[in-house]
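The values are calculated or read from the model by the stated rules, or taken from the named source; none is laboratory data. Just so you know, these numbers come straight off a predicted model, no measurement behind them. Ideal geometry is used to build each Cβ from the backbone, glycine not excepted, and the neighbour counts take in all protein chains shown.
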Amino acid sequence: MPKTNFRAIISKIIVFYSVFYVVMKLIAIVFDGAWALPNLILAIPFLIFAIIGALLMKNEAFSWIYVIAGVLVISAIRYYEADWVVILHEYFNR
């Protein structure tokens, strides 16, 4: 039975999801008229995970810390995203 590297697989999923999320936020801002500043702020952690993950993929050095942090941060942002967008929008538009 071949050995699978779950760290590498999950890391790649986090990278691709992060890139997809940032691209979708940019499309929503440009073409759908979504609030720019709150959505860009919420996209920053995904952009950071995409950059770090791309560097990890380039060096083929995957870390459980990256995987755990990625899963926790992405899950938290996605769970509270709707509330945080409204809160950030109200904060910046006083």
**Request:** Specify the residue that is farthest from residue 8 (Cα to Cα); the eligible residues are those in the stretch 68-88 that are surrounded by 15 or more Cβ atoms within 10 Å (Cβ to Cβ) and touching a residue at least 24 places away in the same chain (Cβ under 8 Å).
**Result:** 88
**Asked** Within the stretch 7-25, is even one residue over 16 Å from the mean Cα position of the chain (by Cα), closer than 25 Å to residue 90 by Cα and part of a helix (DSSP H, G or I)?
**Response** no
**Message:** Against the condition aromatic (Phe, Trp, Tyr) and touching a residue at least 12 places away in the same chain (Cβ under 8 Å), how does residue 31 come out, does it pass?
**Reply:** no
**Item:** Condition check for residue 34: closer than 26 Å to residue 91 by Cβ, touching a Leu at 6+ places or on another chain (Cβ under 9 Å) and not β-branched (Val, Ile, Thr)
**Value:** no
**Complete:** From the option list 52, 65, 48, single residue qualifying as surrounded by 16 or more Cβ atoms within 10 Å (Cβ to Cβ), of a type in the set (Val, Ile, Thr) and within 30 Å of residue 8 (Cβ to Cβ) is 52
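Here's the yes/no breakdown for (1) out of contact with any helix residue (DSSP H, G or I) (no Cβ under 9 Å at 6 or more places or on another chain); (2) modelled with pLDDT of 95 or more; (3) of a type in the set (Gly, Ala, Ser); (4) exposed (fewer than 12 other Cβ atoms within 10 Å of the Cβ):
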| residue | (1), (2), (3), (4) |
| --- | --- |
| 7 | no, no, no, no |
| 15 | no, yes, no, no |
| 18 | no, yes, yes, no |
| 41 | no, yes, no, no |
